[in-house]
Amino acid sequence: MSTVDEIAPDLFRISVYVPELDMQFNHFLVRDEQSLLFHAGLKRMFPLLREAVAGLIDPASLRYVAWSHFESDEVGGLNEWLQLAPQAEPVCTLIGKLVSVDDFALRPARGMTVEDSLCTGRYRFRFCSSPHIPHGWDAGLLFEETTKTLFCSDLFHHFGDVKAVTESDLIGPTHQAMQLMQQGPLAGYMPYTRQTKGVLRSLAELEPQTLAVMHGSSYTGNAGKLLTDLAGALKETFDRD
């Protein structure tokens with residue numbers, strides 16, 4: 001089953017908890033004149049997500065489906081959404097469009113650069129380029145300028161069936177999750193490079209007020225400080241120099 005929480009005005013967190021992994025998979029619907037879904041979700045989760053979205057909007061009216069990087073829990077159900085919503089357009093970074101999405105998706109994607117913006121009515125979105133943060137050459141993080149919401153994808157990933165939104169510091173549970181991942185077969189799942197600190201600093205300079213986190217609680221508060229602190233946790237866990 002899924003749970004739905006409004007974590008900011010018109011921003012709904014649709015969460016599916018998988019006990020076997022002790023992990024939430026979170027998807028975010030921005031309800032607007034042209035509604036946007038961030039994370040298409042795993043293909044097998046599509047029926048659950050469709051039911052949850054139907055409680056908020058007519059799913060066939062969905063206009064945009066966006067994500068950070070090409071990975072099954074972010075894009076697995078994309079074509080199901082495109083079949084259900086005839087006007088829906090995939091939205092990702094330009095690199096994502098060119099190297100993966102236009103071959104995979106039923107319709108061409110809107111590939112956004114840092115100069116581009118997307119207006120859905122009351123809300124305005126930009127993609128912040130973040131190669132390999134959290135994963136992949138094609139990675140980018142979506143930022144909504146009106147509510148100052150940063151859609152973080154796998155940044156701040158932590159385990160547990162946790163509450164929808166918190167004001168508590170996420171660095172502790174995030175660092176714990178990274179250390180746990182380093183001990184298993186997925187070691188190195190989030191690279192640390194010479195660009196990491198600078199990218200996170202540029203995200204902090206946006207002064208986000210809400211962090212929409214894919215795995216775990218979302219956050220409201222001094223999100224810029226969390227992004228700055230995250231650089232240290234990533235360096236400690238993944239920098240092998």
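A compact table of results
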| item | result |
| --- | --- |
| The range 158-181 - residue that is of a type in the set (Val, Ile, Thr) and over 15 Å from Lys235 (Cα atoms) and, of those, nearest to the chain's Cα centre (by Cα) | Val165 |
| Selection within the range 223-241 - at pLDDT below 90 and either of a type outside the set (Asp, Glu) or in contact with a strand residue (DSSP E or B) (Cβ under 9 Å, 6 or more places away or on another chain) (or both) | Ala231, Gly232, Ala233, Leu234, Lys235, Thr237, Phe238, Arg240 |
| Residue among Leu56, Leu21 that is closer than 22 Å to Thr220 by Cβ and assigned to a loop (DSSP other than H, G, I, E, B) | Leu56 |
| Gln87 being outside any helix (DSSP H, G or I) and touching a residue at least 12 places away in the same chain (Cβ under 8 Å) | yes |
| Test: Ala204 is small (Gly, Ala, Ser) and surrounded by fewer than 18 Cβ atoms within 10 Å (Cβ to Cβ) | no |
| Scope the range 20-68; condition of a type outside the set (A, V, I, L, M, F, W, C), out of contact with any helix residue (DSSP H, G or I) (no Cβ under 7 Å at 6 or more places or on another chain) and touching a residue at least 40 places away in the same chain (Cβ under 8 Å); matching residues | Asp22, Gln24, Asn26, Asp32, Glu33, Gln34, Glu51, Gly55, Arg63, Tyr64 |
| Some residue of the range 160-172 being over 18 Å from Ile14 (Cα atoms), among the hydrophobic types (A, V, I, L, M, F, W, C) and at pLDDT 90 or above | yes |
| Scan of the range 183-229 for residues that are aliphatic (A, V, I, L, M) and either closer than 18 Å to Phe143 by Cα or touching a His at 6+ places or on another chain (Cβ under 6 Å) (or both), ordered by number | Val199, Leu200, Leu203, Ala204, Leu206, Leu211, Ala212, Val213, Met214, Ala223, Leu226, Leu227 |
| Single residue of the range 136-159 satisfying the filter (crowded, with 24+ Cβ neighbours inside 10 Å and among the charged types (D, E, K, R)) that is farthest from Tyr123 (Cα to Cα) | Asp138 |
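The values are calculated or read from the model by the stated rules, or taken from the named source; none is laboratory data. Since the model is a prediction, treat every value here as computed from it, not as a measurement. Quick reminder, even Gly has a Cβ in these numbers, built from the backbone with ideal geometry, and neighbours come from all protein chains shown.
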